[in-house]
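Some notes on the structure that comes next.
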Amino acid sequence: MFRRPGRLTALRVVAHLAAWLPFLLGPARLIRHGWRPVGDEAAIALRSWNALTAHGPMVGQATRLAHGVFDPGPLEYWLLAIPVHLDTVHGVLWGAVICCLVAASLAVEAAWSVLGAAGGLCASGLIVGLMVWMPDIGVTPSWNPWFGMAFFIAALAAAWAVMSGHRAWWPALVITASIAAQAHLMFTVPSAALAILALIVGLVDTVRGRPGYWWVVTGLIAGVACWSAPLIQQFTSPDGNLGLLMRSSGAATGRRTGGVFSLKALSAAVEPVPIWWKSLQPPAIYHLISHRPAWFAVGILILLAVAAVMAVRPLRCRPLGALAVVSLVISLGALVTYSGIPVHNTSLLTLGYLIVLLFPIGVLSWLVVGTWAVLTARL
């Protein structure tokens, strides 16, 4: 006899379908209206085609967050290589859709492993909310900032799972964080910090009596595979891209936005009314951020740190502590990114897509602070 699927199974399916829907509707409409890759997407399609040749790219797209350098790696090209060879016109788009569907499902499953249906539905809701605020992510997921964002969300969920005690998610974290970090430079610092911190937490769990290091070995092998091309390029080229990225991040030449602007950007993510609460036009973004108070961001960072500590004791709620740490890490990573934006005539107008980081920062910060306040009051 066949048993009817239970309520939890139905909720799981709904969570996945809801996270998939934005990635399916927009590209299908574009293809139906005769979409062709142009601009950056044409370059991505060409380099994805070359990924299966002897002269495949070993770095990512050219970045405007530093001068004369590229995003860290070619993982997006590798993932889209076969779709582009199968369909030279639309392969870059539907190939990106498939990859983003996988990333969305990984986010749902990782969150589900922590809090069951509540976690999975929250992860799905985060993805849907992001698409409602910035629909272009679901419409053209092949563009590298949007492609990276899909995997960055998956990395957040996987990091939360690892820090909550589910160490088996660390290899998935390494892969999703590597894809996000290589797709666009704005994801590199928070992605790397999440992967390293989750490894430390997992090793502490292992030492405290949960033996087994297979997850470490698997994750390290996956990491070496993901970063093989950038590392080979770094050590075989006279101008290694990774070295140039590190030197440019610490260079004092040229005017940059600075720490105060980055704190104001973080305030825009969390201060009522947050910047992601309504749709924005690029010229309005810098104006809205520059008028936010920097002190509010400092207050939120302190609250996240307090919530992380109190979640361990006296609240004894590890998922809350893990989510607080994830929120704190991506907030600090965003501060690094937003403080180093080169300032020139149009940078703060044409780089408006960088605010995409503010959505997960704002939502997760308020979720952590609200949950911490409720649990503390009940205690």
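For trypsin sites (Lys or Arg not before Pro), no site in region 24-53 is both called loop by DSSP and has at most 12 other Cβ atoms within 10 Å.
The portion of the accessible surface of region 133-291 made up by carbon and sulfur, rounded to a whole percent, is 69 (1.4 Å probe; DNA, RNA and ligands excluded).
Computed extension length for V273-L379: 35.2 nm, one decimal, from 0.36 nm per residue of separation with the Cα-Cα distance subtracted. Calculated accessible area for the chain comes out at 46 Å² per residue, all protein chains present (probe 1.4 Å; ligands, DNA, RNA ignored).
Within the listed set R313, R36, R208, the residue fluctuating most in the Gaussian network model of the chain (springs between alpha-carbon atoms under 10 angstrom) is R208.
Extending 7 Å from the Cα toward the beta-carbon at both R255 and D205 defines two label points whose distance is 4.8 nm.
Counting 0.36 nm for each residue step from V132 to V306 and taking away their Cα separation leaves a gain of 59.5 nm. Using a Gaussian network for the chain with springs between C-alpha atoms less than 10 Å apart, which of these wobbles most: S164, S339, S124? Looking only at S164, S339, S124, the largest GNM fluctuation is found for S339.
Could you state the number of Å between the C-alpha centres of region 43-64 and region 109-151? Value for the Cα centre distance between the two parts: 26 Å. Nearest 0.05, what FRET efficiency do L17 and L332 give at R0 = 22 Å with Cβ-Cβ as r? With a Förster radius of 22 Å, E is 0.05. Note on the chain: with a GNM built from Cα contacts shorter than 10 Å, the maximum mean-square fluctuation among G34, G240, G95 falls on G34.
Between L46 and L8, the distance separating the two model label sites (each 7 Å from Cα on the Cα→Cβ line) works out to 5.2 nm.
From most to least packed by mean Cβ count within 10 Å, the peptides 70-76, 18-24 give 70-76, 18-24.
The values are calculated or read from the model by the stated rules, or taken from the named source; none is laboratory data. Being a predicted model, the structure only gives us computed values, none of them experimental. Positions of Cβ are generated from backbone atoms using ideal geometry, with glycine treated the same way; all protein chains shown enter the neighbour counts. What goes into the accessible areas is simple: the full protein's heavy atoms, side chains included, and nothing from ligands, DNA or RNA. Shrake-Rupley method; radii C 1.70, N 1.55, O 1.52, S 1.80 Å.
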